[in-house]
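The values are calculated or read from the model by the stated rules, or taken from the named source; none is laboratory data. The model shown is predicted, which means the values in this text are computed figures rather than measured ones. Neighbour counts are summed over all protein chains in view; Cβ atoms, including those assigned to glycine, are modelled from backbone coordinates with ideal geometry.
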């Protein structure tokens, strides 16, 4: 795949709203991409490259890295009947306590700032992602929250995403070389 460029104005920083994580609330063959964290105010993907440095007998330092383990926390995250991703997670975690399903979710990360704006932006699909609710509750007089942690996993498939006129996100995988 050729290097991509940012589709934003040069000299202007990129809005955080252009990096969105989606949970598949449909089926694997007919995904429905629902955004994570509608009410979250600050969330970043953390990249753990598992680096290792050592010095050989000649005094040369050598460093290695592995492919990253990518994690992200969504907190606070108040429950909302209109949030399909949270409704699905609540059913899996609270109602069913289905740990196996929670550890095997289909997630799409869309980089709306890279590629052709809204029609062919860079996206990464992870088909074996762990989504782990951390707690359920909140302060009296407040709202019921269910913050959760995500560890991207499974097979990483790169491609492009597009947003239709109805707001639906579609993912197209890169073709094999």
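Side notes on the structure shown:
- The listed residues are 52, 149, 56, and the only one of them that is more than 28 Å from residue 28 (Cβ to Cβ) and either in contact (Cβ under 8 Å) with a residue 12 or more places away in the chain or crowded, with 17+ Cβ neighbours inside 10 Å (or both) turns out to be 52.
- Residues satisfying the stated conditions in region 18-39, i.e. farther than 10 Å from residue 84 by Cα and in contact (Cβ under 8 Å) with a residue 40 or more places away in the chain: 18, 19, 20, 21, 22, 28, 31, 37, 38, 39
- Consider region 1-14 and keep the residues that are in contact (Cβ under 8 Å) with a residue 12 or more places away in the chain and in a loop (DSSP other than H, G, I, E, B). The one that is farthest from residue 174 (Cα to Cα) is 14.
- Looking only at region 59-77, and only at residues there that are free of Cβ contacts under 8 Å to residues at least 24 places away in the same chain and not in a loop (DSSP other than H, G, I, E, B), the one that is farthest from the chain's Cα centre (by Cα): 61
- In region 78-110, the residue that is farthest from residue 167 (Cα to Cα) out of those that are part of a strand (DSSP E or B) and at pLDDT 95 or above is 105.
- Checking each residue in region 93-126 for being over 23 Å from residue 15 (Cβ atoms), more than 17 Å from the chain's Cα centre (by Cα) and touching a residue at least 12 places away in the same chain (Cβ under 8 Å) picks out 93, 94.
- Number of positions in region 1-25 that are surrounded by 10 or more Cβ atoms within 10 Å (Cβ to Cβ) and within 16 Å of the chain's Cα centre (by Cα): 9
- Meets criteria (at pLDDT 90 or above, touching a helix residue (DSSP H, G or I) at 6+ places or on another chain (Cβ under 7 Å) and under 20 Å from residue 125 (Cα atoms)) for residue 68: no
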